[in-house]
1. Can you run phi through the Karplus equation (6.51, -1.76, 1.60; θ = phi - 60°) for segment 110-123 and list ³J(HN,Hα) in whole Hz, with x for Gly and Pro?
2. How far is helix 87-97 tilted, in degrees, relative to the longest principal axis of the Cα atoms in the chain, given as a value from 0 to 90 rounded to the nearest 10?
3. Over the alpha-carbon set of the chain, work out the extent along each principal axis and list the three values in angstrom, largest first.
4. What is the helix-to-structure angle for 64-74, meaning the angle in degrees between its Cα long axis and the longest Cα principal axis of the chain, kept from 0 to 90 and rounded to the nearest 10?
5. Would you compute, from DSSP H runs of 4+ residues alone, the mean residue ellipticity of the chain at 222 nm, taking -39500 (n - 2.57) per run and dividing by the full residue count, rounded to the nearest 500?
6. Where does helix 265-288 land angle-wise versus the long Cα axis of the chain, in degrees 0 to 90, nearest 10?
7. T149's amide H: which non-local residues (gap 5+, or another chain) put their own amide H closer than 5 Å, with H modeled 1.01 Å from N in plane and none for Pro or chain starts?
8. Give me the distance between the Cα centres of segment 196-228 and segment 20-50, rounded to whole Å.
Amino acid sequence: MTLPHLSEALRTLPGYEPSEGVYSFRPPRPLSANESAYDPLPGITEAVTRAFQTANRYPDPGCRTLTRALAAAHDIPEEQFVVGAGTVALLQLLFQSISEPGAEAVYAWPSFELYPILAQLAGVTSIRVLLVDEAHDLSRMADRVTSRTRLVVICNPNNPTGTVASGDELGRFLSRIPPTCLIVFDEAYYEFVREHDTRSGLGFCPTHPNVVVLRTFSKAYGLAGLRAGYLVAAPEVAAELRKGVLPYSVSSIAQAAAVAAMELQEQISERVGATVCERARVRDALRRTGWELPESQANFLWLPLRGQAPSFAHWCITQGIAVRMFPGRGVRVTVGSAADNDAFLAAASEWRKRLSPGAEDGQTAIHEQKTYGS
Ligand SMILES: *Cc1c(COP(=O)(O)O)cnc(C)c1O
């Protein structure tokens with residue numbers, strides 16, 4: 001049978017693999033996708049129900065109510081916002097918008113798993129710069145920027161390691177990037193940052209028209225299933241990018257839910273604060289049982305297990321817990337509900353006991369495991 005000729009970029013693309021067991025009949029505890037552990041607030045459910053009454057109508061393609069709310073919340077003019085069906089849709093738009101023969105995109109690695117896929121789909125060459133001590137090596141990233149570079153992505157905090165770049169480092173980095181190159185700050189987890197040294201890309205927007213900042217309603221706002229995210233850019237850049245958004249791609253339900261979530265900012269912030277507390281609790285409990293892990297500023301923790309990543313992830317699944325595994329590098333675990341976190345802590349502690357019997361009470365030393373930073 002002769003099949004239609006599809007592009008090589010598409011044919012050679014590895015498909016996205018959800019973590020083991022996540023979509024099975026009896027789903028495990030969901031700690032693989034950095035979702036919010038909280039059910040939607042009643043006010044959001046009401047807004048969604050109301051929006052559904054007009055599901056026979058197309059949504060507002062300009063997302064005007066949501067844009068107005070965002071502009072007010074950030075004190076940034078409306079013309080600087082572009083709303084998309086999740087940050088992922090906006091990332092795809094950004095990669096497409098720089099796609100020209102020879103165009104390159106520089107980003108850290110490991111980082112968000114979608115960057116290489118979107119680059120390849122857009123025909124953009126990926127330049128990956130390895131993390132150092134699980135964090136962005138901004139000076140090496142700047143070294144790799146050439147006249148072919150059209151896009152640099154800084155995932156801050158970085159997914160999957162949770163590390164952040166300091167404001168000073170970012171300032172130095174930005175001064176080395178030519179104004180013709182887009183600098184994208186992917187700040188999907190920014191609401192969870194408590195490190196005072198960190199600076200949002202939003203602070204650089206007024207002085208750097210090539211800076212684009214991405215935020216999402218999927219993580220802190222707990223609306224991953226509805227698909228809404230946005231970017232902030234210079235007005236001229238936002239106007240160009242807006243032309244590339246698929247009309248009606250942000251559903252009326254997603255728009256209504258996002259607006260409602262912003263009106264419930266206080267409750268949302270309380271939930272984020274509780275997740276930040278849980279993050280410290282899980283981190284401390286892991287460290288007490290001998291785990292070494294970098295400081296995370298996101299709603300997940302990173303276990304740099306290197307070669308042991310697959311066996312640990314598989315062990316978690318046998319214990320009814322889904323985590324995200326990065327072969328040869330580590331395992332990312334979402335900070336979820338207290339009950340799910342406790343189940344994970346029990347599984348993690350049991351795994352260490354089995355690897356080195358007799359090494360309980362926080363004395364554990366797993367000889368095969370390379371420690372963080374080494
Ligand atoms: C989760 C995540 C996103 C958000 O994706 P949405 O499409 O908005 O759900 C973007 N960037 C990173 C690094 C993420 O981890």
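Each value in this text was obtained by applying a stated rule to the coordinates, not by laboratory testing. Predicted model, so just to flag it, every value in this text is computed and none were measured. Here the Cβ is made from the backbone with ideal geometry for all residues, glycine too, and neighbour counts use every protein chain on show.
1. Working through the residues one at a time gives x, 9, 4, 4, 7, 4, x, 5, 5, 4, 4, 4, 8, x Hz.
2. Helix 87-97 sits roughly 60 degrees off the main axis of the chain.
3. 63, 60, 51
4. The answer is roughly 60 degrees.
5. Details: 12 runs with 133 residues, N = 374.
Result for the chain: -11000 deg cm²/dmol, rounded to the nearest 500.
6. 30 degrees
7. Those qualifying (amide H under 5 Å, at least 5 residues apart or on another chain) are E104.
8. Centre-to-centre distance over Cα atoms comes out at 22 Å.
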